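The values are calculated or read from the model by the stated rules, or taken from the named source; none is laboratory data. Bear in mind that the values here come from a model prediction, so they are computed numbers and not experimental data. FYI the Cβ positions are ideal-geometry reconstructions off the backbone, even for glycines, and counts take in every protein chain you see. Only protein heavy atoms, including side chains, enter the accessible area calculation; ligands, DNA and RNA are left aside. Shrake-Rupley method; radii C 1.70, N 1.55, O 1.52, S 1.80 Å.
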Amino acid sequence: PHRDLASGSGAILHFEGLVQPWLREAAKRFARGRLLASLAPGTISDNLLHLRAFSRWLAVAAPELRSPAGITRALLEDYAHSVRTGGLAAGTKRARIGVLRAFLEEQREDGLVGLPPGAAIHAAEIPRGDYRPPRGLERRLFDQFVDPANLALLPCEQHRTVVLLLAFTGLRVSSVATLGRDALEIGSDGHPYLRYRNVKLRREAVIPIGPALAEQLRRQEDYLEAIHGSGTDFLLPSPPERRRGTSRGGGHHLSHSMIRQIVKRYVRKAEIRDGEGRLATWVHPHLFRHHLGTSMVNDGVPLPVIQRVLDHASVEMTAHYARLHDETLRRELLGWR
């Protein structure tokens, strides 16, 4: 049997799927160390996903391996080769090999005692990715996501709240998932604001929101009252569990994967299609953040303002959105209006 770990935010990190007992125990130490270093639980959960992939590969490629002592440099080269030549996205390939490299380095003297000195992955072996300007959503596609007729097809207010939060705020999934039930605030100017936690930078922030989103958040509160009463402090709680006729749940927020699934299912349910008529199943939550950033750049919003809206640590990060966007280029280089 194995234990799961709970982070300070209440998130549960799961270790099922780590087949080898010694690897599972080392992964727990790895996760615990990263929690103590205040890494976001979502990031650590993603780390564990990549370690599970390594565990599954080991179970097939080296089923006789019984301890860290059996991990050789040759074995790691074979694994890296299988990742690089697999059908994964470039970013996933980098993460698969990069997380394993960090895991081996951090746990060499702790959870992986006996690991041979030469059993390492070198930095140069992590697949490199070419810079690509952030990708937004074409206007016609974005409009389909916020179309009231399409939103009405979603099964409940909570799903509509997820979609509109992503579409209108540009928040990272980690910030959307962890929103408090009292996230909606009315300022002294009478305007609605959203208070959220920037999980990546570990700080609170506030942004103004429009009336459409504010009204949806009020409907979400009515939904929460009907489903959970006072039994949750999250704006987007996990679904209640039904046990012997009683309702439980609400003690934790929606997971990142559940939010991604809501977007994917919405695309299929509403038949949201791109400019070429294809179902937009490639859309993922972070694209709404890119869309907001690129839209503000194309509308001439100053970078320091965009930085504050997206709550970036530096204006240099915001500057990525100012690189080579079609509408901006046409205005500046071709005099297009």
Fill in: Charged-residue dipole, Cβ positions (Lys, Arg, Asp, Glu), the chain about Cα centre, Debye nearest 20
660 debye
Response to the item:
The helix 90-107 Cα axis meets the longest alpha-carbon principal axis of the chain at an angle in degrees, between 0 and 90 and rounded to 10, of 50 degrees
Worksheet item: How big is the accessible area of T92 in square angstrom, nearest 10, if you roll a 1.4 angstrom probe over the protein chains?
Response: 50 Å²
Worksheet item: With axes computed from alpha carbons, what is the tilt in degrees of helix 21-36 against the longest principal axis of the chain, rounded to the nearest 10 within 0 to 90?
Response: 40 degrees
Discussion item. Pairs of alpha-carbon atoms within less than 8 angstrom and 6+ residues apart define the contacts here; what relative contact order does the chain have, in percent?
Written reply: 15 percent
Practice prompt. Over the residues of the stretch 134-239, compute the C-alpha Rg and express it relative to 2.2 N^0.38 Å.
Written response: 1.08
Worksheet entry | Neighbour count of at most 15 Cβ within 10 Å plus DSSP loop: longest GluC sites (Glu not before Pro)-free window in the chain | 139-270
Fill in: Count of Lys pairs (Cα-Cα under 28 Å; at least 8 positions apart or interchain) in the chain
5
Worksheet, complete the sentence: Of D182, D274, D78, the most mobile residue in a GNM of the chain (C-alpha springs, cutoff 10 Å) is D78
Worksheet item: In whole Å, what is the distance between the alpha-carbon centres of the stretch 33-52 and the stretch 82-113?
Response: 13 Å
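Which order do the peptides 308-315, 169-176, 44-51 take when ranked by the mean count of other beta-carbon atoms within 10 Å per residue, highest first?
Highest-to-lowest ranking by the protection proxy: 169-176, 44-51, 308-315.
Whenever you get a sec, compute what percent of the accessible area on the chain sits on carbon and sulfur atoms (1.4 Å probe).
Answer for the chain: carbon and sulfur cover 52 percent of the accessible area.
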Discussion item. So with the 1.4 Å probe, I'd like the accessible area per residue for the stretch 140-263, rounded to whole Å².
Written reply: 49 Å²
Practice prompt. Please identify the longest segment of the chain free of exposed chymotrypsin sites (Phe, Trp or Tyr not before Pro), where exposed means a DSSP state other than H, G, I, E or B and no more than 16 other Cβ atoms within 10 Å.
Written response: 132-281
Fill in: Whole-angstrom Cα spans of the chain along principal axes, big to small
63, 63, 39
Response to the item:
Taking a crude spin-label model, label points 7 Å out from Cα along the C-beta direction, the E109 to Y193 distance in nm is 4.7 nm
Worksheet item: Once every DSSP H run of n ≥ 4 in the chain is given -39500 (n - 2.57) and the sum is divided by its residues, what mean residue ellipticity at 222 nm do you get, rounded to the nearest 500 deg cm²/dmol?
Response: -15000 deg cm²/dmol
